[in-house]
Structure formats: C-alpha cells, structure tokens
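A short worksheet on the structure shown next.
Every read-out reported here was derived from the displayed coordinates using simple, explicitly stated rules and does not represent laboratory data. Model, not experiment: these values are computed from the prediction. Glycine also receives a Cβ, built like all others from the backbone with ideal geometry; neighbour counts cover every protein chain displayed.
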Amino acid sequence: MTAQIIDGKAFAAHLSKQVAHGVKTVKASVTPGLAVILVGEDPASQVYIRNKGKACAEAGIASFEKILPVSITQAELLIEIARYNADTNVHGILVQLPLPDHIDAQAIINAIDPLKDVDGFHVINAGKLAVGQDGLVPCTPLGCILLLKDKLGSSLAGKHAVVLGRSNIVGKPMAQLLLKESCTVTICHSRTEFLSQETRRGDILVAAIGKPEFVKGNWVKPGATVIDVGINRVAKADGTTKLVGDVDFTAASEFAKFITPVPGGVGPMTIACLLRNTLQAACAIHGVAFPLG
Ligand code: NDP
C-alpha cells in the first residue's frame, strides 16, 4: 500500500480563508486582535513571529508584538501580560515558548486571561478540555483533529488511537480531543514498554516525541492514518540540513492509508488554528456567535 498524503498546507490555507471570511462577518462588532510576546532574540522565534504577523494581516486580524530582553524578570513579564489582559483591542495573547530558565513558564501562562489564552495552555482551558467543556484548545492538536475529521469524518468513533508523547502542549490535549471523538485512546511515552506493539494497534497513530524518524514503517498498522507532529532538523550528507518528522515517512507510507508529510502536514495547521482561536476568543469576549462554530 502507498499512503495517500494528507495535505496540511492546502487545508491550512482553506481554514485561514474561512477565518478571514469569519473576521469579515463579525467586523461590525469586533476586530479580533492577537498579541505575541517574545522574550529574547532567538532568530528562529523571530521568523516564526513575523510569519504569525503576516498570517494575521491576511486574515484581517490586528496583530501586536512585544519583543522583550532575555534579562526581563518574571515580575516585569507579568506586568506586560496584565497590560494585554486589560487591552480591549487584544483578544488573544500568546507567549512564545520556551522562556528563559529564570522564568516560571506555567506561572506566566496562568497569568493570561483564560478568555484570551489562544494557545489553550492555561490550567482553566486544560481543565475544560479534560472535563469536556468548551474552551480554547491548543493549536497543534486542534489542527491534527481537524485533519483527522476531514479524512475520516464520523468514522473516528470507536477507532483505536495511539498517541506518542504526553506533553501538555501536544500529547495530552491530543489524547483528550481523540477521546472526545469517542476513540479508544492509548498514550505512550518514554517509559512505555514494547512501544512498537502499542503503535501497531493504532488505527490512528499520532507521533509527537521530537525524535527524527523514530517510528519505523512496520510499527504502523496496515491501513492506519498517521499524523506526524514532529519537527526535527537533521544534517544531510551534503552538509545542508532538512526537516523530518518523528515518523520514517517513506517506510510508513508503505503501511499507512493516510499520512501527513513533514514539512507541509501538521505545521501549517498550527498557525491557521491560532487564527481560528483568536477569532473564537474575540467572539466569546464580545458575545458574538463564532462563525466557524
Ligand atoms: P516534549 O519534549 O515536550 O515531549 C516529548 C514527549 O515524547 C514526552 O512525553 C516524552 O516522554 C515522549 N518521548 C520522548 N522520547 C520518547 C521515546 N523514545 N519513546 C516514546 N516517547 C518518547 O515535546 P513536544 O510535545 O513539545 O513536541 C513534540 C514534537 O512535536 C517536537 O518535534 C516538536 O518540535 C513538535 N511540535 C510541532 C508543532 C507543530 O506545529 N507541528 C508544535 C509543537 C511541537 P516523557 O514524558 O516520558 O518524557
């Protein structure tokens, strides 16, 4: 079997257009605004933030950026968060992670107004997801579930889903979303025994571990849908580098029915879902029906 590629780039472009249309429909009531805070001058993060700003502009979302020195104290950063919490033009606040070691990242995230927590990492939004209440859902797992629903539709119910990774950013919320879709969910991590036996049980296999091409072809159940969240930069023989996922794409494509590539799979969905979450937050704050609901 040669798997059909799930084109995350095309789906993300479609979703971003839907968001842009949604922004137009709520324009009379609110112009959604997203604030991004970056601590330090990491060039990769700066590029990422520029891309977010561009994506916001294309969707009609106002964007605000704050680049703060790496020496900033936790107390000073909390003041910046409080300013954006109080700013009525801002409906989404995103703090670029990781933060320097002297700052407690979870304390910063929990200082964000949960209604503006477009990353969905606040303990209140994580709790809402766990108990099945509506809230803001982390962008990457949200992107994965939208891709899965698009490919598998209502047939997600009853499927065995195996999630590799248990981070608060990807693995855990991914498992919660799959559970919400009535999948039977197995979560694997670095202490899981007989990992390949577990992965081979998955009708759906989501890999989010940050290990290049770790999942081998014969770890995939024939006919499974594989969602590769991993983004790993590896060296090529000619001295340049390339991006690969957590799954050996070529080998896994011989077993899977559907598979996301890296790049061009989950990655583009993350930014599109950030736009979606910002529109959702703006609608919730202003009591307007969410047009993509
Ligand atoms: P973390 O490092 O926070 O978590 C990694 C998880 O993988 C942990 O739960 C860890 O287990 C588990 N793990 C590590 N090694 C193994 C192993 N050998 N076998 C089984 N499980 C293992 O990473 P993130 O969740 O933040 O990110 C995961 C990947 O997804 C990275 O490549 C990251 O770059 C990518 N990513 C991509 C995004 C996108 O937009 N496409 C967005 C966010 C992340 P344990 O808990 O036991 O340590």
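On a 24 Å Cα-Cα criterion, which of the cross-link pairs LYS9/LYS52; LYS216/LYS242; LYS17/LYS128; LYS9/LYS257; LYS9/LYS211 come out too long? Intermediate values should be presented prior to the final figure.
Numbers: LYS9/LYS52 15 Å; LYS216/LYS242 19 Å; LYS17/LYS128 28 Å; LYS9/LYS257 19 Å; LYS9/LYS211 22 Å.
Checking Cα-Cα distances, LYS17/LYS128 exceed 24 Å.
From least to most packed, judged by other beta carbons within 10 angstrom and beginning with the fewest, ARG201, ARG166 follow the order ARG201, ARG166. Kirkwood-type hydrodynamic radius, the stretch 28-113: 13.4 Å, calculated from all non-identical alpha-carbon pairs. Using only Cα atoms, what Kirkwood radius does the chain have, in angstroms? Mean inverse Cα-Cα distance, inverted, gives 19.7 Å. Running a GNM on the chain with Cα contacts under 10 Å, which residue among VAL47, VAL262, VAL247 ends up with the highest mean-square fluctuation? Sorting by GNM fluctuation, first place goes to VAL47.
How big is the antiparallel share of DSSP beta bridges in the stretch 28-113, given as a percent to the nearest 5? Provide the component values of the computation, followed by the final result.
Values: 0 of 11 bridges.
Counting only bridges with both partners in the stretch 28-113, antiparallel ones make up about 0 percent.
Its convex hull of Cα atoms gives the stretch 44-185 a direction-averaged projected area, equal to a quarter of the hull surface, of 9.7 nm².
State, to one decimal in nm², a quarter of the convex hull surface area for the C-alpha atoms of the stretch 202-270, i.e. the direction-averaged projected area.
Values: hull surface 18.1 nm².
Over all viewing directions, the stretch 202-270 projects a mean Cα-hull area of 4.5 nm².
With respect to the chain, whose longest principal axis is taken over its alpha-carbon atoms, helix 266-286 is tilted by about 40°. What angle, in degrees between 0 and 90 and rounded to the nearest 10, separates the Cα long axis of helix 43-59 from the longest principal axis of the Cα atoms of the chain? The two axes meet at around 80 degrees.
Antiparallel as a % of all DSSP beta bridges within the chain, to the nearest 5? Intermediate results must be reported in sequence, preceding the final value.
Numbers: 4 of 33 bridges.
If I count the DSSP bridges inside the chain, around 10 percent turn out antiparallel.
Taking max minus min of the alpha-carbon positions on each principal axis, the stretch 162-293 gives extents of 52, 39, 28 Å, largest first. Per the chain: cysteines with no other Cys C-beta under 4.7 angstrom? If one checks each Cβ against the other cysteines of the chain, CYS56, CYS144, CYS183, CYS188, CYS283 turn up with nothing under 4.7 Å.
So what is the calculated 222 nm ellipticity per residue for the chain, using -39500 (n - 2.57) for each DSSP H run with n of 4 or more, over all residues, to the nearest 500 deg cm²/dmol? It would help to have the intermediate numbers written out before the result.
Values: 10 runs with 119 residues, N = 293.
Rounded to the nearest 500, it is -12500 deg cm²/dmol.
Computed over neighbours whose Cβ is under 11 Å from that of ALA224, the net charge equals +4, Lys and Arg +1, Asp and Glu -1.
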